[in-house]
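*Asks:* Dropping a structure here in structure tokens format, bear with me for questions.
The values are calculated or read from the model by the stated rules, or taken from the named source; none is laboratory data. Just so you know, these numbers come straight off a predicted model, no measurement behind them. Backbone-built Cβ (ideal geometry, glycine too); neighbour counts: all protein chains shown.
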Amino acid sequence: MKKNRIGRILALLMLVISGKAFAQNVELFVIEPFPLEITYHKTVNLIFPFAIKSVDRGSRDVLAQKAKGIENILQVKAANKGFVQTNLTIVTSDGKLYSFVVTYSDEPLQLNIELIPDKNRPSSSALFDKSNQAVVLHGSQRAISDKNKVHRIQDRSDKARFSLSGLYIEDDVIFYRLQLENRSNITYDIENLRFFIRDKKRARRTAVQEKEVTPIYVHQDTTAVGTNSFHVFVFALNKFTIPDQKQLTIQLIEKNGGRHMELQVQNKAIVRAKPLS
């Protein structure tokens, strides 16, 4: 009996010692959450380096969805104004976890946020479903190289000109070829470029009805156009048409400047999009 008791005691001691030794080899890493401001009237886009696999919202005050046809962009906005601070957790296909502390703000500092794990990695615009990836990439390249200028819709502001020079369609994707020309001696820094559908006219004392449309890909994207130069880029959007009483507005905002411009695109222009195939 004594031998059995001594044996059990020795076995327990060995477990305790080995447990302590194992615990000493475990390191604790704390993942600091990113601060994230969202609002009720605008959508914040989070761009991840890999496809999104899991999304967990700390409360129902946060609305989150993956962009249609894209695996790595999460669109976030507030369900209610002035909500209590909460959190948002995203897991991507490479096994990484991203944590955010979400705060309400009437005017968020950033509307498009790209999370880049490696500073040497080039920026990517989007990841697509396999079914439309080739269509979008190939279509964007053909749209940028097409020499025909159609649907010449433009706006000007202090030696800057913003225009829609081409409109194309292929396999349920519409490609908007835009050109920004800067004839001034001051660089045009781009703060934001948005697509949204709004009412053509509205009665007095009524709110403006707007629906933002998020591009699925941007070809030759840029954040600035230098002095006395121009830049051409293509925005790919999932196909849509709009009622006659509404219009598509393409809004360009200059960073730290006042040369803001807007293009008004009617439905009749959209339905005349040129086939690429």
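*Asks:* Among what's in the range 142-178 and is under 21 Å from the mean Cα position of the chain (by Cα) and within 20 Å of Thr223 (Cα to Cα), pick the residue that is surrounded by the most Cβ atoms within 10 Å (Cβ to Cβ).
*Replies:* Within the range 142-178, the subset under 21 Å from the mean Cα position of the chain (by Cα) is 172-178.
Retained after the next criterion (residues that are within 20 Å of Thr223 (Cα to Cα)): 175-178.
Details: Phe175: 27, Tyr176: 24, Arg177: 24, Leu178: 20.
Looking at the filtered set, the residue picked out is Phe175.
*Asks:* Let me ask something additional. Taking the stated definitions as given, is Leu63 surrounded by fewer than 16 Cβ atoms within 10 Å (Cβ to Cβ) and not assigned by TED's automatic domain parsing to the domain that holds Val213?
*Replies:* Details: surrounded by fewer than 16 Cβ atoms within 10 Å (Cβ to Cβ): yes; not assigned by TED's automatic domain parsing to the domain that holds Val213: yes.
Considered against the rule, which asks whether it is surrounded by fewer than 16 Cβ atoms within 10 Å (Cβ to Cβ) and not assigned by TED's automatic domain parsing to the domain that holds Val213, Leu63 comes out as yes.
*Asks:* Quick one: is Ile197 within 28 Å of Ile113 (Cβ to Cβ), surrounded by 15 or more Cβ atoms within 10 Å (Cβ to Cβ) and not assigned by TED's automatic domain parsing to the domain that holds Lys42? Don't jump to the end; show me each part of the working.
*Replies:* Values: within 28 Å of Ile113 (Cβ to Cβ): yes; surrounded by 15 or more Cβ atoms within 10 Å (Cβ to Cβ): yes; not assigned by TED's automatic domain parsing to the domain that holds Lys42: yes.
Yes, satisfied.
*Asks:* Continuing with the same structure: In the set Lys42, Lys53, Lys66, which member is free of Cβ contacts under 8 Å to residues at least 40 places away in the same chain and either farther than 20 Å from Phe196 by Cα or not hydroxyl-bearing (Ser, Thr, Tyr) (or both)? Don't jump to the end; show me each part of the working.
*Replies:* Values: Lys42 fails: free of Cβ contacts under 8 Å to residues at least 40 places away in the same chain; Lys53 fails: free of Cβ contacts under 8 Å to residues at least 40 places away in the same chain.
None of the other options fit; the residue is Lys66.
*Asks:* Turning to a different aspect of this structure: Pairs under 7 Å by beta carbon, first residue of a type in the set (Ser, Thr, Tyr) in the range 265-277, partner surrounded by 15 or more Cβ atoms within 10 Å (Cβ to Cβ), six or more apart or different chains?
*Replies:* Pairs found: Ser277/Glu170.
*Asks:* Go through the residues of the range 20-35 one by one and say whether even a single one is at pLDDT 75 or above and crowded, with 18+ Cβ neighbours inside 10 Å.
*Replies:* Looking for residues that are at pLDDT 75 or above and crowded, with 18+ Cβ neighbours inside 10 Å, one finds none in the range 20-35, hence no.
*Asks:* Pick from Gln220, Gln264, Gln251, Gln245: which is over 22 Å from the mean Cα position of the chain (by Cα), within 26 Å of Ala67 (Cα to Cα) and not aliphatic (A, V, I, L, M)?
*Replies:* Gln264
*Asks:* Report, by residue number, each residue of the range 244-255 that is outside any strand (DSSP E or B) and at pLDDT 90 or above.
*Replies:* We begin by selecting, within the range 244-255, every residue outside any strand (DSSP E or B); these are 244-245, 255.
Hit for the range 244-255 is Lys255, nothing else.
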